[in-house]
Amino acid sequence: MKYLKIPRSLFHQLLLFLGVPLLFLGVPLLLLGCASVYSQYASVRNAAMLAYDRTLLASARTVAERLTVRDQSLLVDVPYVVLDSFERNTNDRLYYQVISPEGKTISGYDDLPQIPQNVQRSPLYTALAYFYDAEYQGQPIRVVGLYQPINEGNVMGMALVLVAETVTSRQDMTHQLLLSSLVNQGAVVLLALFLAYILLKLLLKPLRKLSGMMSLRSANDLTPLPNILPWSELAPLLQSLNRYIGRLALMVGRQERFSADASHQLRTPLAVLKTQVAVARGNQDLEQRDSILTAIDKSLDNMIVLTDRLLQLSQLRVHEKEAIQNYQPVNIVALLQQVCFSRLQQAESKNIDLGYEGEESAWIRGDPLLLAEMCANLLDNAIKYTPQMGVVTGRVSIMPDKKHACLEIDDSGPGIAQEDIHQSLMAFNRLDNAAGLEGAGLGLTIVKEICQYHNAALQLLPSEVLGGLLVRIIIRLSARERDT
């Protein structure tokens, strides 16, 4: 079972192409984005840690400054104000411990974690400060250990002040910074997708406009499409569409011409034929009826010839652009001699001297059937217009440039005046010198079309030898003929 294929949206494809890289093509970009977020997080976390550590160290110094020696004993007086400053941060708890040089706790919490052996002194301060992380009462804490030298009375050595702080505020701050960084990164991605959406809408607007124009266009409107696509990449598409419309208009024009030609030329013969049939049907005289039937038969012959000429003309107009595809080597001399031979009986009926003179062979490239039809039309015209006891001569010669052949049909008929040559090549135009002669006025028109089909030059000239019309056709020789 065949399923309907749903057309894919160019807009959605482009939008996904810009957004999906983070999932497929953009794995490195995703990793880079995560690394960037982590880097920002670590940088700000370190900055926050440094700020909190500085505050923690300031608290330790405050306690250290309260160390005094009385009665040869080390004492520390931590007033309420100092303790209150410890408690100002409502999110965290502060702990402190003061240890004498002998290792005894003087004040504070005596179970605070001590300085680990692997912790190095902080290089950021001149004081003997050691920062480390530990755990106290089930909570993570940040501790600073500050060594305070004592040299007073009989007390000498290094007192240790420990100040610890829970890390809730630090964690909250780092989490906020991380969330802010993620929000910023996500906002950038969403903004990029939004801008891509707007950009694609604007870029595809001319295409939608072109689609609307095509859907509203009349079937009879074969004018070229306007250049409404602003991108050079789509210019060939618009040019191809216009070329196609041009070919379609040409084909429709040819069909209209054929319909007009056929209706123009067949209307009168059909009316005459119908009248003759009606007269024959009501006539009782056998001799007159036989005469009418003969006239009907002749009218039918003329209509057959006319229809054949119309079809030939229509075929030429349809296929004139595909000429070179059907070309093949043709010996134009042999072809002309064959056509002359086929017209001998027609010429003898008028005692016309029909003959050939010139080259023995001349090869060109073309359609042999059309070339034979061209020669047949020229000879038919020449024999038709040449009076009794006249002369019709066909000849083929090689031009001096050795690249072209010259085919000529020369007759002793009335000829064509120079001012009437253009009219004689138009379809259904018959000159005054054709009075009394049957024909549709298509012979020379078909010859002209065949010449155009073969890129040959057609000339109608007065005959200097026989005094009638000289039809000259100059056509390019084939490559093998030029090489000999």
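The values are calculated or read from the model by the stated rules, or taken from the named source; none is laboratory data. The model shown is predicted, which means the values in this text are computed figures rather than measured ones. Cβ placement follows ideal geometry from the backbone for every residue including glycine, while neighbour counts extend to all protein chains displayed. Heavy atoms of the whole protein, side chains included, go into the accessibility calculation; ligands, DNA and RNA do not. Shrake-Rupley method; radii C 1.70, N 1.55, O 1.52, S 1.80 Å.
Some notes on this structure:
- Here the calculated FRET efficiency for ALA47 and VAL69, from their Cβ-Cβ distance with R0 = 41 Å, stands at 0.55, rounded to the nearest 0.05.
- Against the empirical curve 2.2 N^0.38 Å, the C-alpha radius of gyration of region 100-195 lands at a ratio of 1.68.
- The simple Förster model, with R0 at 30 Å and r as the Cβ-Cβ distance, assigns ILE198 and SER36 a FRET efficiency of 0.70.
- Farthest positive-ward along region 144-261 dipole, Cα basis, beta-carbon charges - from MET156, LEU178, VAL189: VAL189
- Rounded if a/c under 1.5, otherwise prolate or oblate - region 330-370, Cα gyration tensor axes: oblate
- Using the 1.4 Å probe convention, the accessible area of region 112-237 works out to 63 Å² per residue with neighbouring protein chains retained.
- With both labels modelled 7 Å from their Cα along Cα-to-Cβ, the MET158 to ARG217 distance reads 9.2 nm.
- Cα→Cβ-extended label distance, 7 Å offset, between SER122 and LEU229, nm: 6.8
- Accessible carbon and sulfur surface of region 171-260 relative to its total accessible area, %, 1.4 Å: 68
- Peptides 230-243, 337-350 ranked from most to least packed by the mean count of surrounding Cβ atoms within 10 Å: 337-350, 230-243.
- Volume per residue of the C-alpha convex hull in region 199-255, rounded to whole Å³: 65
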